[in-house]
């Protein structure tokens, strides 16, 4: 439970998906508009983790409105999460979600076929701390434990290395700590400077217009999704073509035949990405950019054969 404060103006309250905020407009479906007299309100919000163990998976949220005479004193500026970072981290480690969710180190070993992971030293990471300090604990942990592993750098896009902050002035000068760049430089992912003190901060993406929008709620989820996406480009076993168009019917075949992964990407190259697999070393990325595109493969022949039990014959080569 959490209590929020709200000022209503214009006689209505409108509800939308968080990602709508990247392209805000007032053309809301009627079922997402609540008539409410102008004034100040307490909103008591109640929710719980869905039975699947994943936040946002058919999650029920109950809101109770209490009218006030004036705006109350706020504990948080803006809108806080409905759970603390500590609670979420604990859930990932010990709860249902943690049992079903591979961490990025396990993913690197399985998807990139790597036995030993390599990280950067404290001295190398200190280069970044000259410009961005403190570093989020989740980012520092990734850099120290796995980010130097050679295999993850032999992919489509470019993971930023600590030494890059000395080479490229633009990395040091922005309001975001950039961690991944698209191979032609037309998209980048980063963490807001004002979020650096968070243990596991959200990640934002920006394209050529340099307008940053929310990609995913935590760095940990971003690492899993980005590592899964990049691994597909390096898989030794894949279809004759790199990418395929999918129909809605074919997408339903993917959804029913494979396990949806508990992470995704929003806004990378202007697309929403979801991920599916049926073995620890295969992966399908479904990319929604108005049309549906699929990218898939496996690190082993066995994993690829298992994947093709579902994917065989699906899609039109791009």
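FYI, it's all coordinate maths here, none of it is from the lab. Just so it is clear, the model here is predicted, and its values are computed rather than measured. Because the Cβ atoms are built from the backbone with ideal geometry, glycine has one as well, and the counts that use them run over all protein chains shown.
Taking each residue as 0.36 nm, the span from residue 71 to residue 309 lengthens on full extension beyond its C-alpha to C-alpha distance by 79.8 nm. Remark: the residue 17-residue 240 segment gains 76.6 nm on full extension, using 0.36 nm per residue and subtracting the alpha carbon distance.
Only counting other Cβ atoms within 10 Å, I'd like 306, 167, 154 sorted with the fewest neighbours first.
Values: 306 18, 167 8, 154 11.
The fewest-first ordering by Cβ neighbours comes to 167, 154, 306.
Counted by neighbouring Cβ atoms within 10 Å, the residues 289, 187 run from fewest to most as 289, 187.
Taking every pair of distinct Cα atoms and averaging 1/r, then inverting, what Kirkwood hydrodynamic radius in Å comes out for the chain? Mind dumping the intermediate values first?
Numbers: mean 1/r = 0.0463 Å⁻¹.
Taking the inverse mean of 1/r over all distinct Cα pairs, the chain comes out at 21.6 Å.
Take every Cα pair under 8 Å in the chain that's 6+ residues apart, average their separations, divide by the length, and report that relative contact order as a whole percent. Walk me through the intermediate numbers first.
Numbers: 545 pairs, mean separation 39.0, N = 318.
Value for the chain: 12 percent.
R0 = 41 Å: FRET efficiency of residue 121 with residue 32, Cβ-based, nearest 0.05? For residue 121 and residue 32, the calculated efficiency is 0.20. What would the Debye equation give as log₁₀ I(q)/I(0) for region 235-317 at q = 0.11, 0.24 Å⁻¹, counting only Cα atoms as equal point scatterers? Here log10 of I(q) over I(0) equals -0.25, -1.24.
Comparing Cα centroids, region 182-209 and region 114-169 end up 15 angstrom apart.
Computed from Cα atoms, the angle from the helix 85-94 axis to the main principal axis of the chain rounds to 50 degrees. Under the criterion of Cα pairs below 8 Å and six or more residues apart, the relative contact order for region 96-227 equals 22 percent.
Figure the gain on full extension for residue 60 and residue 156 (residue separation times 0.36 nm, minus the Cα-Cα span) and round it to one decimal in nm.
Using 0.36 nm per residue and subtracting the Cα-Cα distance, I get 30.7 nm.
The residues 65, 275, 263, 165, when put in order of fewest to most other Cβ atoms within 10 Å, stand as 65, 165, 275, 263.
Please grab the % of Cα pairs in region 2-68 that end up more than 17 Å from each other. Could the numbers behind the result be given before it?
Details: 1211 of 2211 pairs.
Within region 2-68, distances greater than 17 Å cover 55 percent of Cα pairs.
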